[in-house]
Amino acid sequence: MRGGLWQLGQSITRRLANGDKKAVARRYFSAEAELKKTVLYDFHVSHGGKMVPFAGWSMPIQYKDSIMDSTLNCRENGSLFDVSHMCGLSLKGKDSVPFLEKLVVADVAGLAPGTGSLTVFTNEKGGAIDDSVITKVTDHHIYLVVNAGCRDKDLAHIEEHMKAFKAKGGDVSWHIHDERSLLALQGPLAAPVLQHLTKEDLSKLYFGQFRVLDINGSQCFLTRTGYTGEDGFEISVPSENAVDLAKAILEKSEGKIRLTGLGARDSLRLEAGLCLYGNDMEQHITPIEAGLTWAIGKRRRAEGGFLGAEVILKQLEEGPKIRRVGFFSSGPPPRSHSEIQDEGGDNIGEVTSGGFSPCLKKNIAMGYVKSGLHKAGTKVKIIIRGKANEGVVTKMPFVPTKYYKP
């Protein structure tokens, strides 16, 4: 599935409301037997989760509340997401940092132990293979999480380069954390609620930082990060303890933090101006074009040394031909692949993600336009079902981020 989670959730909600349950079952659940399930699958179903296929997994797109209400509750109180379909892995060995720097644009060597960053795996043409949050646990241990839909190609890519690296004497090995589950706890109540379940002082853990610590009686990897624009955490927990941890978080929040599905997760990340791989970033899009220049470390800009560096460093110097931007628009909400035109009716780009913002109560979208037409305030037309709708380029994030920083 290439995005469209919000739209899919709305479609399911309408069909269920109209009593067309058999059609929903045929369309969305026919492949259920072939799908992988997280250890929280039965927990989701028992809490009213509407399960849909996503990246080869059966995942909840929403629960009993609407995607609109769920999005607002995350920003007002908090949300708990099961993101165990994503792939966590560790690289270990004295050469794990120089090995990873051949594959990503981040200055991994420059990270202090216990800190991390968003980065991009690039190909030989400078395009994005995937985006990932990486953490330098120690100088000899890197922990990273890659997208579920990219797992197979990411792991094949890493393994191919690891074999060549080791053949030359490099000291690096890996472990894929299939024995662990991943929960994302997001929103203003995330920290106070999680604090009830650990003795560690979470007020000293800032955005992008990582700790191995005891939470609710099990050893967890805790990263202060997320995909909503809110303060929050991603918690890697041993799978046998995942359901108990989810129950404990919901209980300690006294009902204010709710289980939240992929539909609201999509609207939250769009409001935060964050890319969805497969929509807003693909193999032919470079980090510069995607607006992720900040993720390329200063040393890496000077030295290169990663796949596609020649293309990316040239774009840094000369500027890209296209750029990712945000939009407000009138009319129906823009969708992926909606054409973008200038005021004269000439094609200047394409929408990659769009929808109605539950928080702003207006249409928002992001997409790519020709450089020179990317500045905030530029008027555009967005074509939806053959009709031109007024739009304007705007800065992102659409909703201010609330990351916990010193």
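The values are calculated or read from the model by the stated rules, or taken from the named source; none is laboratory data. These numbers were taken from a predicted model, which means no experiment stands behind them. Glycine gets a Cβ as well: all are built from the backbone with ideal geometry, and neighbour counts include every protein chain shown. Remember, those area values only see protein heavy atoms, side chains included, never the ligands or the DNA or RNA. Shrake-Rupley method; radii C 1.70, N 1.55, O 1.52, S 1.80 Å.
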Largest-first semi-axes in Å of the equivalent ellipsoid built from the Cα gyration tensor of the chain are 31, 30, 20
Cα-Cα P(r), the stretch 236-346, percent of pairs per 5 Å interval: 2, 8, 13, 14, 13, 12, 10, 12, 8, 5, 2, 0
Residue by residue through the stretch 50-61, what is 3J(HN,Hα) from phi via Karplus (6.51 cos²θ - 1.76 cosθ + 1.60, θ = phi - 60°)? Round to whole Hz and write x for glycine and proline. 8, 8, 9, x, 8, 6, x, 10, 8, 10, x, 8
In this structure, among 102/298; 314/370; 92/153; 362/395, pairs with alpha-carbon gaps over 19 Å are 92/153
For the chain, accessible area per residue (1.4 Å probe, heavy atoms of protein chains only), Å²: 43 Å²
The answer for residue 177, listing residues at least 5 apart or on another chain whose modeled amide H is closer than 5 Å to its amide H, is 88, 89, 90
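Report in % the part of the accessible area of the stretch 321-397 that belongs to carbon and sulfur, leaving out ligands and nucleic acids; probe 1.4 Å.
Values: 1870 of 3650 Å².
Using a 1.4 Å probe with all protein chains present, the stretch 321-397 comes out at 51 percent carbon and sulfur.
Taking the Cβ of residue 225 as the center, what net charge do the other residues with Cβ under 15 Å away carry, scoring Lys and Arg +1 and Asp and Glu -1? Write out the running numbers ahead of the final one.
Numbers: positive: 136, 211, 224, 265, 269, 402, 405; negative: 131, 230, 231, 234.
Cβ neighbours under 15 Å give a net charge of +3.
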Under the rule of at least 5 residues apart or a separate chain, name every residue whose amide H is placed under 5 Å from the amide H of residue 328. 392, 394
Taking H placed 1.01 Å from N in the peptide plane, check which residues at least 5 places from residue 348 or on another chain put their amide H under 5 Å from its amide H. 340, 341, 342
Which whole-Hz couplings ³J(HN,Hα) result when phi for each residue of the stretch 283-291 is put into the Karplus expression 6.51 cos²θ - 1.76 cosθ + 1.60, θ = phi - 60°, listed in order with x for Gly and Pro? 4, 9, 9, 8, x, 5, 5, 7, x
Residue list for the stretch 159-190, given a label point 7 angstrom along the Cα-to-Cβ vector of residue 212 and an amide N cut-off under 19 Å: 172-183
Residue 385-residue 164 pseudo-label distance in nm [points 7 Å out on the Cα-to-Cβ vector]: 5.0 nm
Quick one: Karplus J couplings for the stretch 382-399, per residue in order, coefficients 6.51, -1.76, 1.60, θ = phi - 60°, nearest Hz, x for Gly and Pro? 10, 8, 10, 6, x, 10, 7, 10, 5, x, 9, 5, 9, 6, 10, x, 6, 10
